[in-house]
1. Identify, from the list ALA34, ALA116, the residue that is surrounded by 15 or more Cβ atoms within 10 Å (Cβ to Cβ), among the hydrophobic types (A, V, I, L, M, F, W, C) and assigned to a helix (DSSP H, G or I).
2. Within the group THR229, THR223, THR269, THR319, which residue is over 19 Å from HIS189 (Cα atoms) and either at pLDDT below 95 or of a type in the set (S, T, N, Q) (or both)?
3. Just one of the numbered conditions (1) under 28 Å from the mean Cα position of the chain (by Cα); (2) more than 20 Å from TYR150 (Cβ to Cβ); (3) in a loop (DSSP other than H, G, I, E, B); (4) at pLDDT 95 or above is not true of THR71; which one?
4. Of the residues that make up the stretch 266-287, is at least one touching a Gly at 6+ places or on another chain (Cβ under 9 Å), among the small types (Gly, Ala, Ser), surrounded by 14 or more Cβ atoms within 10 Å (Cβ to Cβ) and assigned by TED's automatic domain parsing to the domain that holds THR215?
5. Just checking, does the stretch 122-131 include any residue being closer than 19 Å to THR172 by Cα, touching a residue at least 40 places away in the same chain (Cβ under 8 Å) and touching a Gly at 6+ places or on another chain (Cβ under 9 Å)?
6. Could you tell me whether any residue of the stretch 25-39 is hydroxyl-bearing (Ser, Thr, Tyr), in the same structural domain as ARG109 (by TED's automatic domain parsing) and free of Cβ contacts under 8 Å to residues at least 60 places away in the same chain?
Amino acid sequence: MPLITAPVTTPPDTGEPGGGGVPIPFPEIGFATATYTDPTGKAWPLTDDQAGWFTLAEGVSGLDAAEYEFTTDAQPRGGAKLRHAQPQPRTIVWPLYVYGDTHVEFVERWRALAAAFTRTLRPGPDGVRPPGILEIARPDGSSRRINVHYQGGFEGQGKQGTGITSDAAVLTLWCEDPYWIDPTPIGVHRETGTLASFFAPYPMVSSSQILGATTVENPSDVTVWPAWTITGPASLIKFTHARGEAFTLNPSAVGHGNLLAGERVTVSTDPPMVRGPDGSTWSGALNWPAAVLWGLTPGTNEITFQLDGSGPGSAVDLTFYARHETA
């Protein structure tokens with residue numbers, strides 16, 4: 001069967017929250033700008049001294065490698081063997097200086113910033129507390145983001161002369177996931193070509209399968225968890241990593257039957273989730289308990305995806321965001 005394959009791609013990012021001002025030197029990471037985007041989507045530049053507030057960079061901390069908690073096994077001859085290293089939630093300390101030409105202007109800015117950060121503690125309609133996004137951008141145009149929740153520290157210095165037209169707050173931001181995310185997605189796309197016979201007008205015999213052996217480079221510091229989109233037609237889809245981990249998606253297992261041309265199923269590996277063409281949950285389509293929704297380790301990953309019952313338009317798309325230890 002003819003195949004059209006595409007190399008790893010980096011689609012343009014459409015979620016840019018906004019600029020952060022002029023690059024300033026941070027103690028842990030060097031020159032960068034910073035922007036905070038609150039849960040409503042509003043961007044707050046943190047390194048632009050013309051905004052009415054700016055970062056006191058010398059007090060910033062928590063931007064470097066994550067902390068880990070070890071699980072160890074004592075050794076009979078002394079010492080211990082590392083069995084597991086569990087990354088811990090990250091805490092970022094971020095001092096902000098807020099000012100105004102008048103007391104009223106200063107208070108308005110102070111209140112607005114406090115609301116923007118503490119909004120991460122307010123449950124949304126679904127009961128989930130949406131995080132804000134802290135983004136660190138480099139002069140070369142690259143950037144990394146991390147989800148943050150306000151933990152404390154938005155209070156003035158309490159010194160004589162402060163709180164009139166200026167004051168400083170030392171924010172503590174808590175991060176469920178300690179890793180920084182590159183906002184530009186990395187993708188792999190494979191699809192069938194147009195079926196044709198070398199001996200037209202005689203019929204062509206086809207296995208109706210995509211047997212795709214693909215090498216995916218993961219530029220991350222840690223394992224990433226990709227999302228998959230399968231476009232029909234297809235009757236059975238299997239994804240296998242060279243480590244031996246695999247999972248199979250069978251649309252008939254949820255009573256749907258074969259995927260028709262143009263129908264799409266999405267598989268998320270973190271959190272584990274399968275959505276059918278109509279958006280309904282298709283977790284039952286996976287081959288539990290043998291299914292392993294595997295991740296991509298740093299560096300080279302050899303993977304294979306197979307589609308039974310494929311035809312023109314059948315495609316598989318893999319997408320992930322690189323994850324890093326530091327900003």
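The values are calculated or read from the model by the stated rules, or taken from the named source; none is laboratory data. Keep in mind that what you see is a predicted model, and the values were worked out from it rather than measured. Methodologically, a virtual Cβ is constructed for each residue, glycine included, from the backbone with ideal geometry; neighbour enumeration extends over all protein chains shown.
1. ALA116
2. THR223
3. Only one criterion is unmet by THR71, namely (3).
4. Yes, because at least one residue in the stretch 266-287 is touching a Gly at 6+ places or on another chain (Cβ under 9 Å), among the small types (Gly, Ala, Ser), surrounded by 14 or more Cβ atoms within 10 Å (Cβ to Cβ) and assigned by TED's automatic domain parsing to the domain that holds THR215.
5. yes
6. No, because not a single residue in the stretch 25-39 is hydroxyl-bearing (Ser, Thr, Tyr), in the same structural domain as ARG109 (by TED's automatic domain parsing) and free of Cβ contacts under 8 Å to residues at least 60 places away in the same chain.
Rundown of residues vs (1) within 31 Å of the chain's Cα centre (by Cα); (2) at pLDDT below 95; (3) under 18 Å from ASP49 (Cβ atoms), yes/no style:
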site: GLN88; (1), (2), (3): yes, no, no
site: ALA112; (1), (2), (3): yes, no, yes
site: PRO130; (1), (2), (3): yes, no, no
site: ILE133; (1), (2), (3): yes, no, no
site: PRO139; (1), (2), (3): yes, yes, yes
site: ARG145; (1), (2), (3): yes, no, no
site: GLY156; (1), (2), (3): no, yes, no
site: GLY161; (1), (2), (3): no, yes, no
